[in-house]
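Undergrad: Have a look at the structure that comes next, please.
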Amino acid sequence: MPVAASAIYFLNLRGDVLINRLYRDDVGGNMVDAFRMHIMQTKELGTCPVRQIGGCSFFYMRISNVYIVIVVSSNANVACAFKFVVEAVSMFKSYFGGTFDEDAIRNNFVLIYELLDEIMDFGYPQNLSPEILKLYITQEGVRSPFSSKASDKPIPNATLQVTGAVGWRREGLVYKKNEVFLDIVESVNLLMSSKGSVLRCDVTGKILMKCFLSGMPDLKLGLNDKIGLEKESQMKSRPAKSGKTIELDDVTFHQCVNLTRFNSEKTVSFVPPDGEFELMKYRITEGVNLPFRVLPTIKELGRTRMEVNVKVKSVFGAKMFALGVVVKIPVPKQTAKTSFQVTSGRAKYNAAIDCLVWKIRKFPGQTEPTLSAEVELISTMAEKKSWTKPPIQMEFQVPMFTASGLRVRFLKVWEKSGYNTVEWVRYITKAGSYEIRC
């Protein structure tokens, strides 16, 4: 695994070293001189935040009147290094009352050295959560007179948080009503030919949660994904239930998910953070249920007239409906006049984007509204160039529908006190890049 830093320097705008820390012995203590000579004095600070000088790489960022410079001599994880800097600055601000500048560094040398020893070990970032660090580095920073007032909120005593086991949730939470809200939000990306064949299609989704639960609950989420259902049938020594299963690609989880249990049982188990958070993200490339099919017909009648016919069919169930449906049909720039006839919604010509904009506020399932339009073009003496037809674009939102077919099979909440919980599950499918060629 590539390291994130061999050394870190904090410099003022003149290039003077305010404080530094060497984490590995593969760089010398005078490497900052090369940064001053080759980057600061040549006024190349704004060109690129990553520079290579000799055999070393320099990653730098300016925060207020301080430059934070990371030096590495071997292959490095650049994204991790910059993420470390951003998180470290946020952590310093929490100790210094919301400020991070040259004065704050000069007033807190001892505290900064102690924190630098805790947040990185041999070039690898460690825990940078201010809530956890304040449990065992209790020294308060010297605050600027312009900094925000310190919070009087007591820091809870959480033994598990000190070990990093549950750093995202504090103990002692109490709610009168214990509720869990779960949203599966999907975006459909589509490119369809004028004849209705799918050229490119995928779904990107995320599971959003909002938890108001007392104590330290343990949640278990079951989905109708193929791997999870097959694993469950193996553990129960019985064939898997018939029904649609989903193959999830590119799955990423929130840090609260127990990956060991997921790898062994293929169920999503976690101790949730308090409030709102994103549990997981995923992508689907096969078996996508398209909510709409669009059949366009655009005819050019001579040099000054066009005829546009568009039929939009909703493929989802008749009891469902889509909200905020917008169909944007491109027309040439020299459009002079338009006339419409629609079976549902309203349509108008928008000259700013050279489109006929058809809006349907509430679009029921299993219906086929149509738009017919006549477009008159400005006649010009110049030779007419062939019009390259841009694709038709759609915007929509379909509640209680998932293009991937993903469903929540169960959501179990366990807490040692045994309280009752109320679980709410909602599905939403939106248009990502939903385009149909004319």
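Undergrad: Among the residues of segment 311-327, is any of a type outside the set (Ser, Thr, Tyr), over 28 Å from Val375 (Cβ atoms) and in a strand (DSSP E or B)?
TA: So far as segment 311-327 goes, yes, one or more of its residues are of a type outside the set (Ser, Thr, Tyr), over 28 Å from Val375 (Cβ atoms) and in a strand (DSSP E or B).
Undergrad: Among the numbered criteria (1) of a type in the set (Lys, Arg); (2) closer than 30 Å to Ser197 by Cβ; (3) at pLDDT 85 or above, which one does Arg261 miss?
TA: (2) is the only condition that Arg261 fails.
Undergrad: Then there is this: Filter segment 22-51 down to residues that are surrounded by 15 or more Cβ atoms within 10 Å (Cβ to Cβ) and charged (D, E, K, R) and give me whichever is nearest to Asp103 (Cα to Cα).
TA: Here the answer is Arg36.
Undergrad: While we're on this one: Which one is farthest from Phe84 (Cα to Cα), of the residues in segment 1-21 that are outside any strand (DSSP E or B) and open to solvent by 60 Å² or more (accessible area, probe 1.4 Å)?
TA: Filtering segment 1-21 for residues that are outside any strand (DSSP E or B) and open to solvent by 60 Å² or more (accessible area, probe 1.4 Å), the one farthest from Phe84 (Cα to Cα) comes out as Arg14.
Undergrad: Separate question: Which one of the conditions (1) in contact with an Asp or Glu (Cβ under 8 Å, 6 or more places away or on another chain); (2) crowded, with 17+ Cβ neighbours inside 10 Å; (3) modelled with pLDDT of 85 or more; (4) farther than 30 Å from Val308 by Cα does Asp218 fail to meet, given that it meets all the rest?
TA: Going through the list (1) in contact with an Asp or Glu (Cβ under 8 Å, 6 or more places away or on another chain); (2) crowded, with 17+ Cβ neighbours inside 10 Å; (3) modelled with pLDDT of 85 or more; (4) farther than 30 Å from Val308 by Cα, Asp218 breaks only (2).
Undergrad: Is there any pair with a first residue in segment 3-23 that is touching a residue at least 60 places away in the same chain (Cβ under 8 Å) and a second that is in a loop (DSSP other than H, G, I, E, B) and of a type in the set (Val, Ile, Thr) whose Cβ atoms are under 7 Å apart and which are 6 or more apart or on different chains, and what are they?
TA: Ser6/Val27; Ala7/Val27
Undergrad: May I pose another question? Which number in (1) under 30 Å from Val271 (Cα atoms); (2) surrounded by 16 or more Cβ atoms within 10 Å (Cβ to Cβ) marks the one condition that Lys416 misses?
TA: (2)
Undergrad: A follow-up question, please. Would a scan of segment 52-71 turn up a residue that is assigned to a helix (DSSP H, G or I) and open to solvent by less than 50 Å² (accessible area, probe 1.4 Å)?
TA: no
Undergrad: Right, next: Filter segment 103-116 down to the residues that are in a helix (DSSP H, G or I) and open to solvent by 80 Å² or more (accessible area, probe 1.4 Å), then identify the one that is farthest from Leu22 (Cα to Cα).
TA: Filtering first and then ranking leaves Asp103.
Undergrad: What do you reckon, is Pro364 in contact with a Phe, Trp or Tyr (Cβ under 6 Å, 6 or more places away or on another chain), under 27 Å from Ile284 (Cβ atoms) and not assigned by the TED database to the domain that holds Thr267?
TA: yes
Undergrad: With the requirement that a residue be buried (at least 17 other Cβ atoms within 10 Å of the Cβ) and charged (D, E, K, R), what does segment 75-100 give you?
TA: Lys93
The values are calculated or read from the model by the stated rules, or taken from the named source; none is laboratory data. Note that the coordinates shown come from a computational prediction; the quantities given were computed from them, not determined experimentally. A quick note on method: Cβ atoms are made from the backbone with ideal geometry, for glycine too, and the neighbour counts reach across all protein chains shown. The protein model used for the area step is the full one, side chains on, heavy atoms only, and it has no ligands, DNA or RNA in it. Shrake-Rupley method; radii C 1.70, N 1.55, O 1.52, S 1.80 Å.
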